[in-house]
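Visitor: Below you will find the structure I want to go over with you.
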Amino acid sequence: MKALCCLLKRVKEGGYLLGSRIVLRNVALLGKWLWRYHREGSALWHKVISSINGSHSNGWDANTIVRWSHRCPWKAITQVFQEFSKFTWFAVGNGDRIRFWEDLWWGDQSLSSQYPRLFRVVTDKNIPISSILGSTRPFSWNFNFRCNVFDLEIEDLEGLMRSLEYLQLTFSVPDARSWSLSSSGLFTIKSFFLALFHCPNSPSVFPTKFVWNFQVPFKVKSFVWLVAYKKIIQSAKMDWVLPRSISDMQSILFSGFGLSRRGIVLWQAACIALIWVVWRERNARIFEDKARNPESFWDSIFFLASLWPFCSKVFKGIPLIVLQLDWLAACSSDGLV
């Protein structure tokens, strides 16, 4: 534990814990391998990944369902696929590889999203463009519906055929995939990172200041940091049973303490004390066969949640007993105790 604390302390002092930025940077770096996969089909690593995982239904990527353990590098890469695919689009050549319905190649949405009624009644949902339109003009329109289409579907079909009337297929050029965030159409880590950074639905990030700027023992900070990243919970086969994640709990403000600096510090102390005491209680029950009663368990949380703010600059000069009474009163008024 001492070695771990020293390592984390050196990383923190070196300025590498950049919170949300480092998480999104890692996602962008993983996206690079998704881009390289379809462009390096003859590479040995591509063949190994393809032989192990199989191909995705879109024909461009590896299968995103990886049944290996959590230590498999490609499993981490496939978890980025959903974010990565939002910024890719297809340049139509001969239409042999691009899926007519599910790939993004015509307009701002896939045709399955633009014409959901038609998509529901087609037989082959992964059919390529060339199989529907044919190889010559006029187009053959081989939609192959599995049942008769009715008035609404006929109207949608008419609109679809009109929108594709001026589509030009270049039969001597293969289909290609492009990166929508770059004028050159080529993937860059920087463009992916900036898109994720400004995206409201970007991957959840750890509230760095919540832990590292708070006056608690460093081993407690290190532990909470690992818990928030689900390193401890998963390895110990534990489940967090609150409605939201630990990171979410650390990101919100509890109104019972107010929105002042002191109120925020009290909420930080309560969250960290809860996590720390639960972990120590778990270890005591497993390794020492000891279990405290609920009153003693609550007293431990209550004591640490008062002691840590008492040691901070925000509550300098305020007696510990006053903090304990105020903390208890705030929780009682909100129905927590």
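Every read-out reported here was derived from the displayed coordinates using simple, explicitly stated rules and does not represent laboratory data. Predicted model only: the values in this text are computed from it and were never measured. With ideal geometry, Cβ positions are generated from the backbone for all residues, glycine too; neighbour counts draw on all protein chains shown.
Visitor: Could you tell me the extents of the range 95-163's C-alpha atoms along the three principal axes, largest first, rounded to whole Å?
Guide: The Cα atoms of the range 95-163 stretch 30, 25, 22 Å along the principal axes, largest first.
Visitor: Excluding H38 itself, what net charge comes from residues whose Cβ is under 9 Å from its Cβ, given Lys and Arg +1 and Asp and Glu -1?
Guide: Summing Lys/Arg as +1 and Asp/Glu as -1 gives +1.
Visitor: Less than 11 Å Cβ to Cβ from P128, Lys/Arg counted +1 and Asp/Glu -1: what total charge do the surrounding residues give?
Guide: That sum, taken over residues with Cβ under 11 Å, equals -3.
Visitor: Which order do the peptides 303-313, 128-138 take when ranked by the mean count of other beta-carbon atoms within 10 Å per residue, highest first?
Guide: 303-313, 128-138
Visitor: I've got another one for you. Taking the Cβ of L160 as the centre, find all other residues whose Cβ is under 12 Å away and add up their charges (Lys, Arg: +1; Asp, Glu: -1).
Guide: Net local charge, L160 excluded: -3.
Visitor: Report, to two decimal places, the Cα Rg of the range 29-177 normalised by 2.2 N^0.38 Å (N = number of residues).
Guide: 1.18
Visitor: Continuing with the same structure: Hey, can you rank 214-224, 175-185, 263-273 by average C-beta count inside 10 Å, highest first?
Guide: Most protected by this proxy first, the peptides run 263-273, 214-224, 175-185.
Visitor: Hey, rough spin-label estimate for A91 and I65, points 7 angstrom out along Cα→Cβ, what's it come to in nanometres?
Guide: Each label point is offset 7 Å from its Cα along the Cβ direction, giving 3.4 nm.
Visitor: Can you list residues whose amide H is under 5 Å from A91's amide H, if they're 5+ apart or on another chain and H is modeled 1.01 Å from N?
Guide: A176, R177, S178
Visitor: Another question, then. Once phi is turned into θ = phi - 60°, what whole-Hz ³J(HN,Hα) does the Karplus curve with 6.51, -1.76 and 1.60 give for every residue of the range 39-52, x standing for Gly and Pro?
Guide: With the stated coefficients, the range 39-52 comes to 9, 10, x, 8, 6, 5, 5, 5, 5, 5, 4, 5, 5, 7 Hz.
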